[in-house]
Amino acid sequence: MDYRILGKTGLKVSRLGFGGIPIQKIDAEGTRQLMVRLAEEGVNYIDTARGYTVSEEYLGFALEGMRDKFILATKSMARTKEAMAKDIDISLRNLRTDYIDLYQVHNPGPKDVEQVTAPGGALEALLEAKAAGKIGHIGITLHSVELFRQAIELPWVETVMFPYNIVETQGEELIKKCAENNIGFICMKPLAGGAIDDASLALRFVASNPSVTVVIPGMAEEKEIGQNIIAVSDASPLTPDEEKKIGEVRDFLGTNFCRRCNYCAPCTAGISIPAVFLMEGYYSRYDLKEWALNRYSQMDKTAADCIGCGVCEERCPYDLPIREMMKKANEVLKR
Ligand code: SF4
Ligand code: SF4
């Protein structure tokens, strides 16, 4: 296993990490078996989130007696000091530990970043938890390039997690900047949320970028661990044959794929457009059908509310046919 230093945190992490979303579809005992295998293989980075329903709890059960073998990272959508302090304590309890290595601000929007850093914001709770030894380091997870650019200038940001894969290379320059600024870069969505079928090619693409510190594909089956280790272990430049295959994937997916940048907001009907497409992706490509339907049903506005005004399409830098995609999402996700 190849290990890298996770930027300012100084943590030595395996290049392959474990993404904790898919364990929601197995169980706590299955998660334990995965953890045993990961420990045997030297994979030491585990990513989860308060928002991934039972993920933290399954990991807490699974890591009993093995906590010291792993670097644990989680995240919270809390934006205020009070809510973040509460979430940190819940994470500690769920994960059955007294220390979380990395705690991240989960996907803030522009206004959220202001709130998080203002007096009474979530950052105060994170700094207090760090001083108290409850957490070791503070990071941020993002989907917008503009916020990524801003985040690497923030003094408290030790790591950034951002989507990076064959069809989402919009953060590439900033990923390089992370390496130059000693900020750990955690690659999320290496398989574009399950859109890329060839997992080995997708991970080879990410691993061939030396500025990526750790990549965290979601895994729910033991056989995926071995395949992913092989793909990530090869950090050599891409071969002409791999470049050709990557071009084919881009041709297939590149034009009609939501990058979740949210430049299309605000929607006239109040729909969170990238959230709709994300849930559709989880339903159609990630085999998380019940979870996706459940999350979708909790959204205030759904694809069914689209009035077809088209203003979002004018704002989308990728020229996505959002209205058509909304219709398709509505077909797929309606009960
Ligand atoms: S076309 Fe639909 S999704 Fe786009 S802004 Fe109008 S209502 Fe929202
Ligand atoms: S629809 Fe377009 S603008 Fe909106 S989040 Fe997706 S890629 Fe970005």
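Tabulated values for the structure
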| item | result |
| --- | --- |
| Rounded to 5, the percent of DSSP beta bridges in region 1-99 classed as antiparallel | 35 |
| Dipole of the chain, positive direction: furthest Cα of Pro217, Gly247, Ile152, with charges on the beta-carbon | Ile152 |
| Virtual paramagnetic centre 7 Å along Cα→Cβ of Gln33, amide N under 17 Å, in region 61-96 | 61-63 |
| Built amide H within the under 5 Å cut-off of Thr80, gap 5+ | Ala122 |
| Charge tally in the Cβ shell below 12 Å around Val54, where Lys, Arg are +1 and Asp, Glu are -1, Val54 excluded | -1 |
| Phi-based couplings in Hz for region 49-59 (Karplus 6.51, -1.76, 1.60; Gly and Pro marked x) | 7, 4, x, 8, 5, 8, 4, 4, 5, 4, 5 |
| Rounded if a/c under 1.5, otherwise prolate or oblate - region 3-245, Cα gyration tensor axes | oblate |
| All lysines inside 17 Å of Lys223 as judged from Cα atoms, apart from same-chain residues fewer than 8 positions distant | Lys25 |
| Additional length obtainable on full extension of the chain from Ala235 to Arg149, 0.36 nm per residue less Cα span | 28.4 nm |
| Percent of alpha-carbon pairs separated by more than 17 Å within region 273-333 | 36 |
| CD proxy at 222 nm, helix term only [per DSSP H run n ≥ 4: -39500 (n - 2.57); per residue of the chain; nearest 500] | -12500 deg cm²/dmol |
| Sequence-distant aspartates and glutamates (8 or more away, or on other chains) whose Cα lies within less than 17 Å of Lys327 | Glu280, Asp305, Glu313, Asp319 |
| Built amide H within the under 5 Å cut-off of Ile100, gap 5+ | Ile135, Gly136 |
| Subset of Lys75/Lys189; Lys75/Lys334; Lys8/Lys75; Lys8/Lys130; Lys134/Lys177 violating a 23 Å alpha-carbon distance limit | Lys75/Lys334; Lys134/Lys177 |
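No lab work stands behind these numbers, since they all come straight from the coordinates. For clarity, every value in this text was computed on a predicted model and none was experimentally measured. Note that we place each Cβ from the backbone using ideal geometry, even for glycine, and neighbour counts take in every protein chain shown.
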